[in-house]
Amino acid sequence: WIVRLRVAGRFALDNETDSLDPMQAVLIGLRFASEVGCAAYLPFGHDYPSAPVQLNRGQAPSLLQPLLEDAAVRKVGQH
């Protein structure tokens, strides 16, 4: 997905937290979309019995940092 987002040249990013209270919310996942019908969810903080396979919290920043810092790729944020 990181390669797909880079090739698209732009993407929307949305965060998922475990609370609506911004002072207590913990980031548990990120959503990405590069075009209509082309989206993905990256979970890394879900903790319940049937939680999806996910990255551990420490892996996500190092994987995403180069993409998020790339000035050639436009980002649209929500939340």
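What follows is calculated from the coordinates using simple rules that are stated; it is not laboratory data. Values in this document were obtained by computation on a predicted structure and should not be read as measured data. Using ideal geometry, Cβ is built from the backbone for each residue, glycine included, and neighbour counts are taken over all protein chains shown.
Express the relative contact order of the chain as a whole percentage, based on alpha carbon pairs under 8 Å and six or more residues apart in sequence. Could the numbers behind the result be given before it?
Numbers: 110 pairs, mean separation 26.7, N = 79.
Computed value for the chain: 34 percent relative contact order.
Net charge within 12 Å of residue 73 by Cβ-Cβ distance, Lys/Arg positive one each and Asp/Glu negative one each, not counting residue 73 itself?
Numbers: positive: 4, 6, 10, 74, 75; negative: 69, 70.
Charge balance in the 12 Å sphere: +3.
Give me the distance in nm between label points sitting 7 Å out from Cα along the Cα-to-Cβ direction at residue 6 and residue 74, one decimal.
2.0 nm
Among 51, 26, 71, whose Cα projects farthest towards the positive end of the dipole of the chain, with charges put on the beta-carbon of Lys, Arg (+1) and Asp, Glu (-1)?
71
Anyone know which of 55, 20, 67 comes out most mobile in the 10 Å Cα GNM of the chain?
Among 55, 20, 67, the largest GNM mean-square fluctuation belongs to 20.
So what is the 222 nm mean residue ellipticity for the chain from helices alone, if each DSSP H run of at least 4 adds -39500 (n - 2.57) and you divide by all residues, rounding to the nearest 500 deg cm²/dmol? Walk me through the intermediate numbers first.
Details: 2 runs with 18 residues, N = 79.
Mean residue ellipticity, 222 nm, calculated: -6500 deg cm²/dmol.
Please report the net charge: other residues with Cβ closer than 12 Å to the Cβ of residue 45, K and R +1, D and E -1.
Values: positive: 57; negative: 16, 18, 47.
Once positives and negatives cancel, what remains is -2.
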